[in-house]
1. Restricting to lysines 8 or more places apart or on different chains, can you count the pairs in the chain with Cα atoms under 15 Å from each other?
2. Just to confirm a number: summing +1 for Lys and Arg and -1 for Asp and Glu over residues other than Ala45 whose beta-carbon lies under 12 angstrom from that of Ala45, what do you get?
3. Lys and Arg at +1, Asp and Glu at -1: add these up for the other residues within a Cβ distance under 13 Å of Asn126 and post the number.
4. Where in the stretch 87-120 is the amide nitrogen less than 13 Å from a point lying 7 Å along the Cα-to-Cβ axis of Glu59?
5. Can you show me the helix-derived [θ] at 222 nm for the chain, built from DSSP H runs with n ≥ 4 at -39,500 (n - 2.57) apiece and divided by the number of residues, rounded to the nearest 500.
6. Among [x] 17.5, 63; [y] 16.8, 54; [z] 27.8, 91, which one is Rg and Dmax of the Cα atoms in Å computed from these coordinates?
7. How much of the accessible area of the chain, probe 1.4 Å, is carbon plus sulfur, in whole percent?
8. Please state the relative contact order of the chain as a whole percent: Cα pairs under 8 Å, 6+ residues apart?
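The values are calculated or read from the model by the stated rules, or taken from the named source; none is laboratory data. Here the structure is a predicted model, which is why all the values come from computation and not from measurement. Backbone-built Cβ (ideal geometry, glycine too); neighbour counts: all protein chains shown. Heavy atoms of the whole protein, side chains included, go into the accessibility calculation; ligands, DNA and RNA do not. Shrake-Rupley method; radii C 1.70, N 1.55, O 1.52, S 1.80 Å.
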Amino acid sequence: SAKISIASHLYDAGEIDAALALAEEGVAGAQPYVDALPAKLAEGAALIGVLLSQKGESERALAMVEETYAQFLRLDTEGQDKSFLLAKSNLEFSLSQAALRLGRTQDALDYQKVSLDTREAGLGPNDSGTIASYYSYAQTLRRAGRMGEAEAFARIAVDRASAHIAPSDPTYARAFQMLGIILANSGRPI
């Protein structure tokens, strides 16, 4: 589990290859303990999925994360804490990103929406992580050309950010930015 945490820090530092190697070691080591460490295993698999997608290996990413996701869905959710739901949401987001890179837009939208719903259930509607899921979903809808829906989700993100997030939080600015991008792409004034 420590290897997965370190891999996450390496990823944040831009060390993609080192992060991938360590995350793969961490996930392999956590596999026998999936019942005891489901969130950490899912965190590692989601990270691997993102890293592989960034390296242009989206098919491999999608297959690996789908396998982990299926395993994760078989686990008993009774008594799990927020980290379990966040891990599930991260897996769903990783699946969305891999599907998007493979041109499977509807799959990407489906996974992204499930990720948003999972995050909202785990964190509540006004948490910055949930708000980030709203504007991420809006971005995927925009890429799919579904501008009306994209605008609706971006506006929810802006409304919730304005009411519940400090302006110094990056989520606050990103919510407004996404709405601005969507309005600009729709030929409407920002």
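1. Within the chain, the lysine pair count is 4.
2. -3
3. After counting each charged neighbour, the total is -2.
4. Counting only backbone N, you get 102-103.
5. Computed mean residue ellipticity for the chain: -26000 deg cm²/dmol.
6. The listed entry that was calculated here is [y].
7. 51
8. For the chain, the relative contact order is 13 percent.
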